[in-house]
Amino acid sequence: MLNRTLFVLFALASQAVAAVPTPESHFGHKMGVDNELLDWDKVVSHFKALPASSDRIKFLELGKTPEGRPVIAAVISSAPNIKNLDHYRDIQTRLSDPRRTLAAEAARLEVEGKAIVMITCSIHATEVASTHTAVEFAYRLLTEDNNPKFKAILDNVIVLLEPSENPDGVDIVTRWYRKTRGTEFDGTSPPQVYNHYVGHDNNRDWYIFSLPETRATAGLENLWHPQIVYDVHQMGQYTARMFVPPWLDPVDPNIDPLLASISTTIGAGMATDLAAADKTGVVINAMYDYWTPGRQYQAYHGGARILTESASAKLATPLIVTPDKIQSNALGYNPRERSWNYLAPWMSGTWRLRDIMDYQEIAFESLLYQTAVRRQDMLRYFYQVNKNNVERATPFAFVIPADQNDPGAAKKMLDTLAFGEVEVERASAAFTADGENYPAGSYVIRMHQPYSGYAKTLLEVQHYPNLLEFPGGPPKRPYDVTAQTLPMLMGVDVATVKDRFEAALVPAKEYSFKLDHALPTGALAASDVNSWREVAKIWKSGKSVYRDAATGDFYATVADGRKEIPPLRAGLYKSYLGNIDEGWTRLIFDDFGLSYTSLVDADIQAGKLRARFDSIIMPDASRTQIVEGHRPGSMPPEYTGGIGGKGTAALKEFVTQGGTLILLNHAADYALQDLGVKATNVIGGVAPKDFYSPGSLLNITLNTRSPLAYGMPGNLTLWSEGSPAWDAPSEYIVASYPAKDVLASGWLLGEKYLTRKAALLDVPLGSGHIVMFGMRPQYRSQSYQNFKLFFNAMVYR
């Protein structure tokens, strides 16, 4: 009888495992087969079904995308761990704050707790493999009971698996791939950004949190505080087959050295496991640095960020690589040569989606198994990193006075920091710090808190190292940008306080600021960026808005010295090249409630633009991209070509008839070559070794008499990414660089090329204006101070 009972129990257990639906049964094909991509609703329904057949998984919906798709995650661990998730999350919370958990208690919790690893996939939608890998690897974790490594992982690790951080992009790319599969355009990127708003820049959103997908993912990180976040990416086709850490220099000094060491250790272990599986073409310590918080949120929240980048195929179409196609130069190594950090070059072969998945699954298992084996160490390291932050010696605090020139931007800054788990306090009485007096109501961010490194890196000036390929040679380019100083980007008055001070402080959960100058009754301040939200609401209600001609302040009533501002009639050029800057601009319009119309090439070429628009915006793009677009034969014919000569004639007519053409950053070169503007870009053609501004904040002086400068201070910073600067007639110049000390934060080579040159031009043409920004005034939804320059330009008459 006993044997029969055991047989029945064994049979039932076998049925439970067999009942876990295979990916093939759900999707109709195996993961990683050639020429097949996934629909997001099928990914969601697959993960939603798994908990019904396995007690090792829990399904989570984290939020919605702009297009209404669910952002999801799966929690995977052993059945006992899944039953006790709240208990293990409580341990993480207690370990995250050494002020409340003393060392003796932490030592006990480190023995009891589980390591938390979050794996995030396909944030870039053309990097398709990791969503497939997530589906297959989850199934393996739930069913491979004879895999001893998987047992160790399930017993010791709680895995938070997000199969895509960009669900809208999954469907955008899948639809395009199916449309072009088997044609000459097979494997191309879609003719739009592959995220509803910002395409590839969606992993540059990790301290401003503009995208709902970012907020959903960060919310899960904030809930669990993982020891490791593994960000799974793909890269170009003709270098290494996979990058794993360690990272290139520089490492942000606000990232704890222990976290950088963990990344190095884990990455080296992944490289070893890949080599043991005969996977060649693995590079370490190349291409990717550990600098900006825009890409690595958890590195400032007690956890190590691990990045892998796999070589891409043609989406799901195999790619044939011959030796001559392998590049000879990549940042940090030569893909054609053996070196200490690239020991087994990969030089040729057919590269498939399945190959990418094979490398990724080895990397997944390696990372999770290393974490499982050193589970207690990982919890101890996590506690120590947070303890190091709590014990930070300098500065003591940052103080944000309650009176600000731009209350809206100041509130946005504190809301942003608070979402990133920074503790903000408010003074209930006046106090003195570093010899300065601050009134009651001032906000204080003390550094003795677990995530002080995050606050510090966002509030302080960046001093990016001067890294050259060789003495006197070109700069070593950073992977992304070099500055992120929020007070400069937002125009907020923030004081850095070096020494300890005493003040009556209480926790603040909501933030409000007062104008630092008098405002007439009934006015909306031109200096407050949030006034534009109110103006948008007034327009939508059908009422009129008036502007003081001297101050730029807004009113709802007419009076002497006030000019009516009609509702916004803005056109925004939308290239078929998938312009990321255009996407950020749409996001800002939508965020502020401002109306706009997207214009494709044919819309501009059709002419008669002045009847429909008062302003037209050309986002950051080269002159060639604007005029020529996709070359013939590279995309279906309806997506090739730019605005061409016909579009240029239409835009010139628009301006001469009284319209305002706004050109952002490199788009300004179009005005010089095609619209006849008499100015010279002084950095055009200058070699990088002589001039280099790779995402930096630079000082400028503004002509505050210009209507473009309403609400702006005389001295401010702009965002520069190799941005143009001009020799131009003085009557055109609205902003210019100072005679010295141009760099405000980040990295700049060749200051001499910018001194006393123009950064913003207002060029009259016929009855209208061409406004040329030598900057991205709406940069990645971050440069709140300069939003006002941009908004002012759109209502300029």
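Taking the chain as the reference, fit the longest principal axis to its C-alpha atoms, fit the long axis of helix 784-794 to the helix C-alpha atoms, and give the angle between the two in degrees, 0 to 90, nearest 10.
Rounded to the nearest ten degrees, it is 50.
So if each residue of separation counts as 0.36 nm, and I subtract the Cα-Cα distance between LYS30 and ALA104, what length gain in nm does that give?
21.7 nm
Charges only on Cβ, +1 for Lys and Arg, -1 for Asp and Glu: so what's the dipole of region 327-463 about the Cα centre, in debye to the nearest 20?
Charge dipole of region 327-463: 420 debye, to the nearest 20.
Just to verify a number: FRET efficiency for SER767 and ARG533, C-beta to C-beta distance, R0 = 35 Å, to 0.05?
Calculated transfer efficiency: 0.70.
From a point 7 Å beyond the Cα of GLN237 in the direction of its Cβ, which residues of region 183-206 have a backbone N at a distance under 16 Å?
183-190
Between THR394 and GLU628, what FRET efficiency follows from the Cβ-Cβ distance if R0 is 45 Å, with the result rounded to 0.05?
Computed FRET efficiency for THR394 and GLU628 comes out at 0.30.
Hey, if you put +1 on the Cβ of every Lys and Arg and -1 on every Asp and Glu Cβ in region 75-208, which of PHE150, ALA134, ALA106 ends up farthest toward the positive end of that dipole?
In region 75-208, that residue is ALA106.
Determine the share of the chain's accessible area contributed by carbon and sulfur atoms, expressed in whole percent, with a 1.4 angstrom probe.
Summing carbon and sulfur atoms, their accessible area is 51 percent of the total for the chain.
More than 27 Å apart: what percent of Cα pairs in region 569-695 qualify?
Percent of Cα pairs beyond 27 Å in region 569-695: 21.
If you take the Cα atoms of region 479-613, find Rg, then find the Kirkwood Rh from the mean of 1/r over all pairs, what is Rg/Rh?
Expressed as Rg/Rh, it is 1.07.
For ASN146 and GLU184, compute 0.36 nm times the residue count separating them, minus their Cα-Cα distance, and round to one decimal in nm.
Full extension of this stretch gives 9.1 nm more.
In the chain, what percentage of the DSSP-assigned beta bridges are antiparallel, given to the nearest 5?
So the antiparallel bridges in the chain amount to around 60 percent.
Please give the helix 353-373 orientation as an angle from the longest Cα principal axis of the chain, in degrees from 0 to 90, rounded to the nearest 10.
The helix 353-373 is inclined about 70 degrees to the chain.
With the cut-off at 24 Å, report for region 125-224 the share of all Cα pairs above it, as a whole percent.
Roughly 40 percent, once rounded to a whole number.
Dividing the Cα convex hull volume of region 538-629 by residue count, how many Å³ per residue is that?
Dividing the Cα hull volume of region 538-629 by its residue count gives 124 Å³.
Stokes-Einstein D for region 577-622 at 25 °C, 0.890 mPa s, Kirkwood Rh over Cα pairs, in µm²/s?
207
Against the longest principal axis of the chain, how steep is helix 2-18, in degrees 0 to 90 to the nearest 10, with axes from Cα atoms?
For helix 2-18, the angle is close to 20 degrees.
Let me know the Rg and Dmax you get for region 144-183 when you use only its Cα atoms, in Å.
17.7, 48
To one decimal place, what orientation-averaged projected area in nm² is obtained for the convex hull of the Cα set of region 471-544?
Directional mean of the projected Cα hull area for region 471-544 stands at 12.0 nm².
Give the Cα extents of region 638-797 along the principal axes, in whole Å, largest first.
Sorted from largest, the Cα extents of region 638-797 read 42, 35, 31 Å.
Between beta-carbons, use under 14 Å as the cut-off and find the net charge around GLY453, counting Lys and Arg +1, Asp and Glu -1.
For residues surrounding GLY453, the net value is -1.
Tell me, what is the percent relative contact order of the chain, built from C-alpha pairs under 8 Å that lie six or more residues apart?
11 percent.
Using 25 Å as the Cα-Cα cut-off, could you pick out the over-long pairs in LYS689/LYS752; LYS543/LYS788; LYS456/LYS757?
Table pairs above 25 Å Cα-Cα are LYS456/LYS757.
Quick check for you: with a 1.4 Å probe and neighbouring chains kept, what is the accessible area per residue of the chain, in Å²?
Value for the chain: 37 Å² per residue.
Round to the nearest 0.05 the FRET efficiency obtained for THR521 and LYS646 when R0 = 51 Å and r is the Cβ-Cβ distance.
0.50
In Å and from the alpha-carbon atoms only, list the Rg and Dmax of the chain.
My reading of the Cα-based Rg and Dmax gives 27.6, 100 Å.
Debye calculation, C-alpha points only, no solvent: report log10 I(q)/I(0) for region 267-407 at q = 0.12, 0.13, 0.16 Å⁻¹, in the same order as the q values.
Here log10 of I(q) over I(0) equals -0.68, -0.76, -1.00.
Note down the net charge around SER622, summing +1 for each Lys or Arg and -1 for each Asp or Glu among other residues with Cβ under 15 Å from its Cβ.
That works out to -4.
Report the extension gain between THR265 and VAL111 in nm, rounded to one decimal, defined as 0.36 nm multiplied by the number of residues separating them, less their alpha carbon distance.
53.3 nm
So how strong a dipole does region 68-111 carry about its Cα centre when Lys and Arg Cβ are +1 and Asp and Glu Cβ are -1, to the nearest 20 debye?
120
Apply the Debye scattering formula to region 515-592, with a single equal point scatterer on each alpha-carbon and no solvent, then give log10 I(q)/I(0) at q = 0.24, 0.27 Å⁻¹.
The Debye formula, applied to the Cα set alone, gives -1.13, -1.29.
The values are calculated or read from the model by the stated rules, or taken from the named source; none is laboratory data. If you're wondering where the values come from, they're calculated on a predicted model, not measured in any experiment. Backbone-built Cβ (ideal geometry, glycine too); neighbour counts: all protein chains shown. Note: accessible area is taken over every heavy atom of the protein model, side chains too, but ligands, DNA and RNA are not part of it. Shrake-Rupley method; radii C 1.70, N 1.55, O 1.52, S 1.80 Å.
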